[in-house]
Structure formats: C-alpha cells, structure tokens
Amino acid sequence: MKNVKRILFALLSLVAFTACEKDGDLITLSGLEKNNLMATRTEVILTQANSAENVLALSWTTSTLTVSDPSMSAPNILKTTLQVSKTQNFSGTVVESVESTLSRTFTGAELNTIAKTLGATPGEATSVYFRLKSSIGDNIDPVYSDVVTVTVTAYKIDMSVGFILNSKQEDTGVTLYSATSNGEYIGFIGATGWYNYYLKEGDGTIWGNDAVTGTPFVASSASGRWNFWFPGISGCYYVDVNTTKKVWSALLIPSLTVSGDISGEMTFDRPNVKWTIPFTATSTNLTVKISGTGKLYNSTTGTNDAAAIDTPVAFAQSGGNLVFASQAGNINITVPAKGEYTLTIDLSNPKNWTVEAVEGTGGPVVINPYVYLPGIDDGISGSWTFNNTLSLYNEDELAYAGVVNVNSLWGYGIYTEKDNWDEKYVYASGDAYSGTLAYKGSSNLPAPAAGLYLIDTSLKGLTYKLVGIGNQIYVSGLNDVWDFSVILAATATVGTYSGQVTISKASSWGFQIHLDTSWNHKFGGSSGKLYYSGSNITDDASLAPGTYTLTVDLLNGTYSITQ
C-alpha cells in the first residue's frame, strides 16, 4: 500500500483531489479561501520626478492548504496571481503577475507603465482595480479576493529621452535623445576611462550589457544585465544606444581642429561637455569649419583600442542649429565688435547643440569640493571605491582634509573626480605618513598601519600628511577655557567620540574640536556639520547653562549636543 499512497499523493498534487489510500477512504485537500487584499493608498499622482520612488504597496493574506490525512503534507500547488484592470469586472486588458510573497511594491515608473498598458489617459485621474486570483489547478475554479480601487493619474511617457544612470542605477542628470522616439538614443558624453552606466527609457525600461563576457557593446534589458562600460580612454564620446537592435557604440573624439577665420586645436571641457578655443576677432562676421578624426568602438571592435575604427567627424550648421556630420560645413559666427573671445561648442544638451563666441579668453576655474581615496580601505570594503573623501578647506592651496578609517592592502591614490581613474595624485617621495605627490604617477601612496587617521593634502604644494587619532579627542574654548581638559572618549562606533560637557556661559569666541594637544589639528563647524580648520562652533551661545552630551562623528563630519 505504500506505493499506492505515493501514486495517490502525486494525483493529489495535480488535481487537488484524490481517493483511496485504502479501500473506502477519501483523502481531500481544503483551505483554499478568498484573500484579504489591502493597499497603502487610494490615490496616486505620478510624475517623472517620482518615477523611481515607491508610490504604492499592496499586501494580502494567503490560504493555508491542509490534507485530510494528517500523515500527509499539503502539496505546494497554490498559485497567486495579482491582476490589474481599468474595469471593475476585469474585462478587456488585464495586467497579471504571479506573486511569491505576501506583498507587492510599485515604483512610479512601474505603476505608470501599467496605467499606460491599460489605456489610461496621461494627466487624467483613472480608477485602477486590483484583485488576487488564487488557484490550485487548471481544472478547479480559482478564488478571487475583493477588488481594491486606486485612483491613478499617469504622466505621459516620453520615449524621446534616455536617462543615463550610474552603476547604482541612480539618475546622473545626463540624457541621450531619440528624435523620433524609435528606440535609438544619441548624444555626447564626457566619459572617464572605463566609466560605466545604464540607460533608462521613458517607460522605465533599464538597459545594460547582456552579461556575456567579451560583448561590451551588446545591450539587454533582462534581469541580471550588467552595466555598459566605456573604453579605457577619457574624453568626448558620441554615444548611440539602439534598444531596437540591442547594440550601442561609442565614438571617441580625441581632438577637434578649427579652420577658416579662426584656426587651431580646441580644448575639451569633459565635465561640462564643451569644446573651446580662444581667438582674436578681426571682424564681426566670421566663418569657420570644425573637424577631426574619431575612434569608433562598437560590437565588432569591443573596447580594444587597436581595433577602434578611424572615423571622420565634423560639425555643420542647419538653420540656426549645430549638427554632427561626417564632413565639415561652414559655421557662421557673429560677434558684436572686434576683440578677444572664446569659441564654444556646447554638446551637453542632446536636443540642442550650440556654437557661440563668448567675450573673453578665459572661463571660470572649477575647483572640486572633494577628492577621493580609492584603495584607502580595501582591507575593509574588499574593493577600490570612491566612497572615502577629503573636503576642500583652503582653496588657494587646493588643500583637502578629512578623517578616514584606513585599512589599505596595496596603497592608495588621491583622485580629483569621482569614477575618473585618470586624474590622480600618487606617490613621489616620503613614507606612509608624509611625503610628496606626483600627478598621474605610477606608484600608489604607501599604506600606513590600519587605524583612524586625519589625512591632509595640498594638490598645489604636492604634499600629503597622515596623523593618527587615538582613543580620545578634546574640546577647547567652552566657557572661554582654552585648554584640553574636556575630553571626548572613543565609542564602540569607529570614528565616533562622546562625552559630557558643562556649559556655564556662552564662550566669547565659540569652541573647537581638537584631535590632539598640538593645537594643529582642529575642527570648527556649524549646524551639526564639522569643518576642518573652519570657524569655531558657537552652538553654546543658544544653550542654557547645564550639562550636555557632545557627540562627534569624525568619519561623517558631524556633531550633536544633547541634554
């Protein structure tokens, strides 16, 4: 009879009903009941701005299946399907998804795509109906939950714009353009070497690499996709992502030459995606041509620099617009008077490339507010990242400082731009604790012993210095007492110090946080934020006399005073 029982249990799994473990007995399956479906909101207004946010969540109960024979377990045959419709009786188009948990959360983009599929009119409030369908077999009637109604106002899905996302799938603010909304997105990107990204379409579809080694220019929107990545050369790239053909390409433009009434080599401003050249106007009406030779990387070349295809590149004018072309056309420039100007090609907006002459021969110097320390904590994080930063505190000296939990296995570098592996300062001379820097050198800065350090560097002076931080730091200036008698002790959280401070009166000059007793390594701050060598903290002026807890987080650069 054991074999008979196994056969009958298999039949039970298929049809949820069986008979005859032994003559005259029936084994039955029960417990299929109507789910209780709940929604977190009854109205959702969708916009492009909240497309990445969670805007609606559904949760529900589930049936517990039981078998009449207590010696047998219920088969795992319950299937729960979430159905969404624009009609209350679920006639017409129904969007379905099989659910394996007891809840479902929708982002704005996901809910907007569903609304579009159901035929909702953008900008109009539309009733959208949700229900659960529970079934245990094809030949058994399913059970439906009560219907939940949510009023959804969808936004128009603009398929003309492709949004560039970073490796964490966060919006970067950079876009590509599809003029006819046909799935082919083009534009210029100032990319660093090996920069990686995803492309998100207006309907929320995210594209990346097909996750196959050796095919960096093949695209896929399937789950498990990798990100796209550029070749190892920084510069100006003309990018073409074709989601219909599932390929993309990157055309590197190493240089551009201007000829005609202006002549010379243009300079590329990568962060702003602009090409510039200063010139002296000898007349108010000028005609120029702009051209160069690019290197095309695509699905046939991969990222192999030697295989990149030489490709002529140029610009021309069509009406008042600048166009990208294979052959240079005349570009007319008008200036108000003779004098010094800068010819600027702005390629940052894929919908509108522009060329103009700007008065003056120099632009503003952009100083990065942070520098980055890849390699400084690979013994903790397991990889080289741009997560650790130093903050600018002296613009004239390009001096940066910050406290870092150091555990470096192979040394590290000081990088001036996030995700840019080219712009770096590394070791020239010295040891792990002080020395000089080399711009774009070949040797990593040496790794000190693991621990908490203040790192102070000057990119102008090409120097670096590390100062170890012990188990206590100091508060000086409270109650106009300038010594190191007030101590904050290290807590169980690395980089965080805390202790009791007594305020009897407002200090005349504020107070400071010192890392040691040398007077050389101090933080000021305001509004809960610390600044190395910054103005003194004056929060005590607004506090009543009493005893407070002062907590300082050196790694995140924050402080708090609580009673």
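Coordinate-derived values only; no laboratory data. Computed from a predicted structure; not experimentally measured. No Cβ is skipped: glycine too gets one built from the backbone with ideal geometry, and neighbour counts run over all protein chains shown.
Modelled spin labels at S383 and K418, positioned 7 Å past Cα toward Cβ, are 1.6 nm from each other.
A DSSP coil position with no more than 11 other Cβ atoms inside 10 Å describes none of the chymotrypsin sites (Phe, Trp or Tyr not before Pro) in the stretch 144-174.
Could you tell me which of L343, W248, I333 has its Cα farthest along the dipole of the chain towards the positive end, charges placed at Cβ (Lys, Arg +1; Asp, Glu -1), taken about the Cα centre? Of the listed residues, the answer is W248. Computed from the C-beta positions of T538 and V147 and an R0 of 56 Å, the FRET efficiency is 0.40 to the nearest 0.05.
With charges set only on the Cβ (+1 for Lys and Arg, -1 for Asp and Glu), what does the dipole of the chain come to about its Cα centre, in debye to the nearest 20?
Numbers: 32 positive and 48 negative charges, 192 e Å.
Dipole of the chain, to the nearest 20 debye: 920 debye.
Within the shell of other residues whose beta carbon sits under 15 angstrom from the beta carbon of L478, the net charge comes to -2, with Lys and Arg scored +1 and Asp and Glu -1. Each Lys and Arg Cβ is given +1 and each Asp and Glu Cβ -1; about its Cα centre, the stretch 138-192 then shows a dipole of about 340 debye. Counted residue by residue at 0.36 nm each, then reduced by the alpha carbon distance between them, the extension gain from K79 to S442 reaches 124.8 nm.
For the stretch 231-284, trypsin sites (Lys or Arg not before Pro) are listed when DSSP marks them as loop and at most 14 other Cβ atoms sit within 10 Å of their Cβ; the list is K245.
Exposed loop positions in the chain were taken to be GluC sites (Glu not before Pro) whose DSSP state is not H, G, I, E or B and which have at most 13 other beta-carbon atoms within 10 angstrom. Between these positions, the longest stretch is 171-394. Checking every one of the chymotrypsin sites (Phe, Trp or Tyr not before Pro) in the stretch 370-455 against DSSP loop status and a limit of 12 other Cβ atoms within 10 Å picks out W410. A dipole drawn for the chain from +1 and -1 charges on Cβ atoms has a positive end, and of Y425, T205, Y559 the residue lying farthest that way is T205.
How charged is the neighbourhood of G208? Take every other residue with its Cβ under 13 Å from the Cβ of G208, and add Lys/Arg as +1 and Asp/Glu as -1.
Spelling it out: positives minus negatives among the neighbours equals +2.
Taking amide H atoms as placed 1.01 Å from N in the peptide plane, the amide H of W421 lies under 5 Å from those of G193, each 5 or more residues away in sequence or on another chain. Here r is the Cβ-Cβ distance between S508 and S434 and R0 is 41 Å; the resulting FRET efficiency, rounded to 0.05, is 0.70. Note on the stretch 113-173: with charges restricted to the Cβ of Lys and Arg (+1) and Asp and Glu (-1), its dipole about the Cα centre is near 60 debye.
Residues within the reach of a label modelled at T47 (point 7 angstrom out along Cα to beta-carbon, backbone nitrogen below 15 Å), restricted to the stretch 136-169, are 153-156.
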